[in-house]
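The values are calculated or read from the model by the stated rules, or taken from the named source; none is laboratory data. The shown structure was predicted, so the numbers you read here are calculated from the model rather than taken from an experiment. Every residue, glycine among them, receives a Cβ derived from its backbone with ideal geometry; neighbour counts consider all protein chains shown. Accessible surface areas use protein heavy atoms only, side chains included; no ligands, DNA or RNA. Shrake-Rupley method; radii C 1.70, N 1.55, O 1.52, S 1.80 Å.
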Amino acid sequence: VLELLRGVQRGSEDRKRSLSRLRWALQNKETQQKFVRLDSSIRTLIGLFTSSLADMQMEAARCLHELSHSSDAAVAEACLPLTSYLLTYLSGHSVEFTELCLYTLGNLVVESKAVRKQLLPQGIIPVLASCIQSPHQAVLEGLGYVLSQLLQAKEAPAEIIPLVLDSVLPQHMLRLVCSGLKAGIGAAVEFAWCLHYIVCSHTANAALLSLGALPALASLLLDLASEIPQDAPEGLELLICPVLRCLGNLLTEETGWEIQIQDERLLIALFLILQCFLQQHPFIVQECLWLLNNLTAEEPFFCSALLSLDLLPALLQLLPCSQRISVLVLMILCNVAEKGPAYCQQLRWQPALPMLLPALTQPDPEAVGQCLELLRLLFLHWPEAAADFVRQGGHQALEQHRSTPELQERARALLDMVGQPQGASAFSSCHATLSAF
């Protein structure tokens with residue numbers, strides 16, 4: 001390593017060859033650590049990185065990029081003198097050179113808070129904002145990578161996201177995500193995750209909602225679903241996942257913005273995505289169900305659409321898939337049942353009760369507890385459902401939970417409910433007792 005560094009410093013005709021060999025050597029973790037401990041090693045690379053010789057400049061950039069891959073914070077901090085130059089060269093003439101600078105920045109940001117702390121006063125956010133209108137896909141993907149690393153930092157909600165919101169970045173990120181596959185899936189994926197990290201901070205949701213994020217992302221979801229199944233490009237699930245999360249989390253805001261997306265086609269899109277990815281990417285199923293839960297939680301529009309479009313049987317078929325999926329399905333059914341007698345009557349007409357009996361025998365207390373809550377709502381709003389439940393053997397299914405500590409109180413209350421004559425006043429008196437569960 002020392003010999004290679006001397007070859008680079010001597011300025012001989014073999015300097016470029018020495019740089020190239022050094023780049024390959026710096027792929028090794030131990031070599032990286034030894035290199036940054038050598039006197040003037042980083043200074044020498046920065047000198048070549050800022051030189052007027054384009055070929056030397058590119059080779060030095062590649063060496064620095066290899067160093068940035070190190071998971072050792074000491075290596076990242078040795079590169080601190082490099083950050084201002086990296087920002088300066090983001091407006092460079094070469095796409096490949098700009099791309100290298102972006103990924104080097106992103107890698108350094110991941111490993112070192114000291115690097116992040118230095119970059120903010122150096123103006124990294126305004127510089128990135130100027131890059132986001134680049135026509136080059138490779139530059140946009142690299143920019144998305146840097147932003148996603150910055151937005152995942154612990155200090156992001158307090159120190160980074162406010163700066164991002166004060167720039168033009170959010171509207172351009174939203175535009176690039178919603179252009180979807182037209183601008184290239186790589187950049188769209190990176191910026192979709194950036195929006196997700198911003199939404200997760202909760203401090204920025206009002207700003208994103210005012211930009212029209214809800215209808216824009218809902219429209220994108222309709223477009224993505226239309227690509228399924230025949231023309232779906234590889235990696236489509238990587239874009240669908242953060243889009244679903246952004247929509248689901250934005251809907252947790254108590255702002256009334258959900259009226260902007262009251263479109264039955266959104267449910268059809270969700271079930272198309274569910275069907276497409278159920279076998280190969282089951283994590284997408286959970287994301288779809290989480291969004292469906294938030295759509296149906298407050299607004300009766302989507303509960304009505306779920307029933308009128310006859311999507312309930314497809315939802316019930318997901319109950320046996322996994323414990324987590326089962327819980328989400330039951331939460332959605334509870335949202336529907338909470339809307340009152342008319343909704344519960346339709347649930348009773350569907351094959352819901354027979355599907356709930358196996359759910360009561362699951363080993364997962366959360367799934368069983370959610371099932372008990374659904375039964376409570378059904379019995380409360382439509383007492384005839386209690387008689388149906390008993391006829392199908394539900395009484396015995398409830399009996400087995402009498403001795404389960406976290407479930408026994410609810411199980412006993414439900415047994416009291418099904419033990420009353422049909423339509424008796426005990427149903428209304430139990431509501432006050434059970435609502436606390």
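If only residues of the range 393-418 that are over 39 Å from the mean Cα position of the chain (by Cα) and open to solvent by less than 80 Å² (accessible area, probe 1.4 Å) are counted, the one that is nearest to residue 368 (Cα to Cα) is 399.
Do the conditions hold for residue 4, that is, is it at pLDDT below 85 and over 40 Å from the mean Cα position of the chain (by Cα)?
Yes: the conditions hold for residue 4.
Within the range 387-407, residues that are part of a loop (DSSP other than H, G, I, E, B) have Cβ atoms under 9 Å from residues that are among the charged types (D, E, K, R) and surrounded by 15 or more Cβ atoms within 10 Å (Cβ to Cβ) in these pairs: 401/410, counting only partners at least 6 apart in sequence or on another chain. Cβ-Cβ contacts under 6 Å between residues 6 or more apart (or on different chains), taken from a first residue in the range 304-322 that is touching a residue at least 24 places away in the same chain (Cβ under 8 Å) to a second residue that is assigned to a loop (DSSP other than H, G, I, E, B), are listed as 305/264; 312/350.
Taking (1) closer than 12 Å to residue 63 by Cβ; (2) touching a Leu at 6+ places or on another chain (Cβ under 9 Å); (3) not hydrophobic (A, V, I, L, M, F, W, C) in turn, residue 7 satisfies each apart from (1).
Residues that are surrounded by fewer than 14 Cβ atoms within 10 Å (Cβ to Cβ) and under 21 Å from residue 46 (Cα atoms) are absent from the range 140-152. Residues of the range 284-331 that are under 24 Å from the mean Cα position of the chain (by Cα), small (Gly, Ala, Ser) and open to solvent by 50 Å² or more (accessible area, probe 1.4 Å): none at all.
Of everything in the range 70-114 that is in a loop (DSSP other than H, G, I, E, B) and not acidic (Asp, Glu), the residue that is most open to solvent (accessible area, probe 1.4 Å) is 93. Hey, does the range 242-249 have a residue that's surrounded by fewer than 20 Cβ atoms within 10 Å (Cβ to Cβ) and of a type in the set (A, V, I, L, M)? No.
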